[in-house]
Amino acid sequence: MDEPKPRLLRALAGETLDRPPVWFMRQAGRSLPEYRQLRAQAADFIAFCHNPEMAAEATLQPMRRFPLDAAIVFADILLIPRALGQEVWFESGEGPRLGPLPDIARMADAVEASTDRLSDIGETLARVRAALEPDRALIGFAGAPWTVATYMIEGKGSDRQAARRFAYDHPETLDALLEVLVEATARYLVMQARSGAQALKIFESWAEGLAEDVFERIVIRPHREIVARVRAAGVTAPFIGFPRGAGALVETYAAAVPVEGVALDTQASAAMGRRLQAGGKTIQGALDNLLLRAGGPALDARVEGLLAQWSDGPYIFNLGHGVMPDTPIDHIARVVARVTGKPVKAMAA
């Protein structure tokens, strides 16, 4: 007998289902007490990401707690800069820090070796796929070139004004950096797919505030090229693109980039989502992560509204951004129970 096709993959193939699949960005991690216990055993965050046993366990923890339809590999978007030779570390309570931007030609020479340096993530995926039920999908991911470049240029998370100035002041240098990141990212995603990832997501976390021509050059063009290179390698896994903060340019993105799914942030309108569905895209997301944290009647009402407005087309229930670390587990359980129709007890794993 054939194994059941994961609900997430059916949605990404354009099916309208009896209920949408559900998973949450950052569903694994600091909101779960079992993750915090596990994380305490690693020397630092990067060591944790490169430990396949620990990273696989972190990936599977929310799958044990909740009847989610997909797992997403536990990793970080800044592993690629590190693999290319830039110093990367995480300051407790402050987030990522990066050393000076390396010579771009030297990074270009390191692209092929960078995939080998990320092989631990492939092993994590293989472990998770072996442990995960066949009807639950496994998602691989990478940060988009522009988003990753903002950290590489600025050396930390910020309002990205310095990176945007860099895009105007040094366009040729930025284009060269983006090309290195396109090639490294495509190779990384191919490796993930061959290691067990059944869907691939590109996180453009910082797509906001860009003029249309700049958006075309530093967001659309790199995404389109990544998909093309992954497809040229023989990978058929569906893509989800997430141009967070792009506003009205989301539809421009959807028309220009051959992704199967488009992840929407909190500001996405019901009408825009329906237009994307009518145009052949599966849509995902839009629940406010702050509302998930707040809970109560407003959360219940928004969940009902999202289900009502988009469930008549291919739709994946998710957030408009990742789960906040202090989100009560009961709130996650309540939403998952409503979407899946399955009772959920927010008990310890």
Checklist entry - From the list 205, 158, 195, which residue is farther than 29 Å from residue 127 by Cβ and of a type in the set (Ser, Thr, Tyr)? => result 158
Checklist entry - Which of the residues belonging to the stretch 18-27 are on the phi < 0 side of the Ramachandran plot and either surrounded by 15 or more Cβ atoms within 10 Å (Cβ to Cβ) or outside any loop (DSSP other than H, G, I, E, B) (or both)? => result 19, 20, 21, 22, 23, 24, 25, 27
Checklist entry - Taking the stated definitions as given, is residue 147 at pLDDT 95 or above, polar (S, T, N, Q) and buried (at least 16 other Cβ atoms within 10 Å of the Cβ)? => result yes
Item to check | Where residue 330 falls short, out of the listed (1) in contact with a Gly (Cβ under 6 Å, 6 or more places away or on another chain); (2) over 30 Å from residue 278 (Cβ atoms) | outcome: (1)
Next on the checklist: Pull out all pairs, ordered by first then second residue, where Cβ-Cβ is under 9 Å, the residues are six or more apart or on different chains, the first lies in the stretch 260-285 and is under 25 Å from residue 228 (Cβ atoms), and the second is surrounded by fewer than 19 Cβ atoms within 10 Å (Cβ to Cβ) and among the hydroxyl-bearing types (Ser, Thr, Tyr).
Outcome noted: 277/16; 285/266
Checklist entry - Within the stretch 238-263, which residues are under 19 Å from residue 7 (Cβ atoms) and surrounded by 23 or more Cβ atoms within 10 Å (Cβ to Cβ)? => result 240, 259, 261, 262, 263
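What are the residues in the stretch 239-267 that are part of a loop (DSSP other than H, G, I, E, B) and farther than 15 Å from residue 205 by Cα, if any?
248, 257, 258, 259, 260
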Next on the checklist: Which condition from (1) in a loop (DSSP other than H, G, I, E, B); (2) among the acidic types (Asp, Glu); (3) closer than 26 Å to residue 293 by Cα is the one that residue 57 breaks?
Outcome noted: (1)
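The values are calculated or read from the model by the stated rules, or taken from the named source; none is laboratory data. Quick caveat, the model's predicted, so the values are computed rather than measured. In this analysis, Cβ positions are derived from the backbone assuming ideal geometry, glycine residues included, and neighbour counts consider all displayed protein chains.
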